[in-house]
Amino acid sequence: MRNTFRQVFHSPRFVTGFVIFIFLLVTLIVYPLVSPGDPLEMIGLGSFFKPGTYISVLDAAGTPAQTLKLPDAADKRLSSMLSESDRVSMLRWLTAVGVPESEIDLQDTSSLLKLWRENYDAKARPKGMTMSDRRFYQRLDEQLESAGSAEALTLMRQDEAGENQEVGRVSGTDYVNVKDVANVRTLPLGTDNFGRDTLKELVSAMGTSIRIGLIAGSIATCIGLLLGLLSGYLGGFVDDLIMFFMNIFTVIPSFVILILITYSIGQAYRGADTVAIVIGLTSWVWTGRSVRSQVISLRNRDHVNLSRLSGHSLMRIILTDILPYIASYVVMAFILQISSGILAEAQLSLLGLGPRTTEVPTLGLMMNWAMLYSAHINGAWWAYFPVILVITLITFSLNLMNTGLDQVFNPTLRD
C-alpha cells in the first residue's frame, strides 16, 4: 500500500490536480471564517456593483480630514465626472461652434476641458440646437465649474427650529484615512444581480456543488459497481437482465431522463441533495458497463476458479478475489463521476431545473442568475467569469487526478 501511494504521488499530473483540488477545499474552509454570514444576504440595493472597497459617505463626511495636495487630483476628479456621453455632447458643441473635430481628443481630459473653456459661451446659439440642448450645456458647464472649485461641498445640518446651518466645508484637498471610517466593506468580486456579495456566494456555491458531485458520484459508482460485478461474474440470465436495463439507459440519453425526472419533482421539492440523488440514479450506466467488462476478464482466472472450487461464497469471491483487482479502476470511475455530477448540476440549473433558489447557491444557479439578468450584456464579468473559472478548476483538477492514476495503474501507459 505504501509503495502504491508513493507511485501515485510521483505522478506529476495527479499531484497537480490534487494540489488544485486541495486549494479549493482549503478556500471552502478558511474563507467563511474570514467573512462569516449568510451568502444569500442582500447587502446592495441594486444590481451588479463593481468590485472594490465601499465606504460609508456619511461616516466619511464625519471623519476628521487631512490636507493632501496631489498634483493630478483635480484632473482625475474631472475625468471621473465626465461620462462618455458627456464627452460626446461636448464634441457636438465644439464642432458646432467651429472647432475642427481632428483637434478634439475625447480621451484627453485636460485638452478637452481647455477647448471647452476657450469656446463655450452660454449666450451662443449654435445652429441646429434647441433651447433644451442649450440648457443641458449650461448645466454641464456649471457642473464642471463646481468640480474644479476649491470648496466643492458644503455640509449642512438642521437645528431644533428646522433651519439649515452650515457645519463645515469639504475641500478638494481634504482626505480621510479609510481605516478611520466606521463602515467599510470590501467586495473583491462586487455584487450579483440581487445585490449579494459575489465572492461569499461563490465560495458557498463551490462547496454545495462539490457536495452534489460527491453524493451523485457515490450513488452512481455504487450502483454501477454492484450491477457490473453481478452481471460480469454471474453471466447468464442475470447478465442478460442487467444488460437489458443498461441498454435502455444507453439508448435514451441519461441527461434527457435527468431533465424529465427533475422537472416532475417540482421546484419546491428540489433541494441540493435531491438533485444530487437524481443525478446519481441516472449516471451509473457507463460505470456499470466498464466494471462488467473488467470482471468478465477476471472471472475465469486461476485464483477465482480455485476459490470457487474451495466452496467460497459469492460475496467472498467478489470481495476478496475480484474487487481488489479493479479497485484502482473504481477509484478513477468515482473521480470522473464527481466531475460529471458537478457539470450535470450546472447544466440543469442553466435550464432552470436546478435546486430551489431559496436555500443554498450552487455554481449552476449563479450562472443561471447571471444569464437571466444579462450580466454579459451589462459588462458585469464578475457575476459569471469567476463561476466559469471555478467549474473549470474543479473539473480540470479531477480529470488530472484521474489521468495520473491511469498512468500509474494502467501498464500500457507506463513509461
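Where a number appears in this text, it was derived from the coordinates with a stated rule and is not lab data. Model, not experiment: these values are computed from the prediction. Reconstructed Cβ throughout: ideal geometry from the backbone, glycine too, with neighbour counts over all protein chains shown.
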Practice task
Relative to the longest principal axis of the C-alpha atoms of the chain, give the angle of the C-alpha long axis of helix 12-34, reported between 0 and 90° and rounded to the nearest 10°.
Solution key: 50 degrees
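Calculated FRET efficiency, Ala73 and Glu118, Cβ-Cβ r, R0 22 Å, to nearest 0.05? Show your work: numbers first, answer last.
Values: r = 23 Å, r/R0 = 1.04.
After rounding to 0.05, the efficiency reads 0.45.
Is it possible to state the helix-based mean residue ellipticity at 222 nm for the chain, with each DSSP H run of 4+ residues giving -39500 (n - 2.57), the sum divided by total residues, to the nearest 500 deg cm²/dmol? What is it?
Details: 17 runs with 251 residues, N = 415.
The per-residue figure over the chain is -19500 deg cm²/dmol.
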Handout entry: Ratio Rg/Rh [Cα only; Rh per Kirkwood] for the chain
Key = 1.19
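Based on the mean of other beta carbon atoms within 10 Å per residue, what is the order of 273-285, 36-48, most packed first?
Numbers: 273-285: 22.2, 36-48: 13.8.
Highest mean packing first, the order is 273-285, 36-48.
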Fill in the blank from the handout: Simple SL model, points at 7 angstrom along Cα→Cβ for Arg356 and Phe23; separation in nm is 3.7 nm
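How much length, in nm to one decimal, is gained on full extension between Phe9 and Leu40, taken as 0.36 nm per residue of separation minus their Cα-Cα distance? Could the numbers behind the result be given before it?
On the way: separation 31, 0.36 × 31 = 11.16 nm, distance 3.87 nm.
Difference between extended and current length: 7.3 nm.
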Completion exercise
FRET efficiency for Ser297 and Ile259 from the Cβ-Cβ distance with R0 = 45 Å, rounded to 0.05, comes out at 0.80
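Starting from the Cα-Cα distance between Arg316 and Asp108, subtract it from 0.36 nm times their residue separation and give me the gain in nm to one decimal.
Details: separation 208, 0.36 × 208 = 74.88 nm, distance 8.09 nm.
Difference between extended and current length: 66.8 nm.
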Exercise for the section: Let me have the relative contact order for the chain, percent, based on Cα pairs under 8 Å that are six or more residues apart. Expected result: 25 percent
Practice task
State which entries of Lys69/Lys200; Lys69/Lys179; Lys69/Lys114; Lys50/Lys179; Lys179/Lys200 exceed 29 angstrom in Cα-Cα distance in the structure shown.
Solution key: Lys69/Lys200
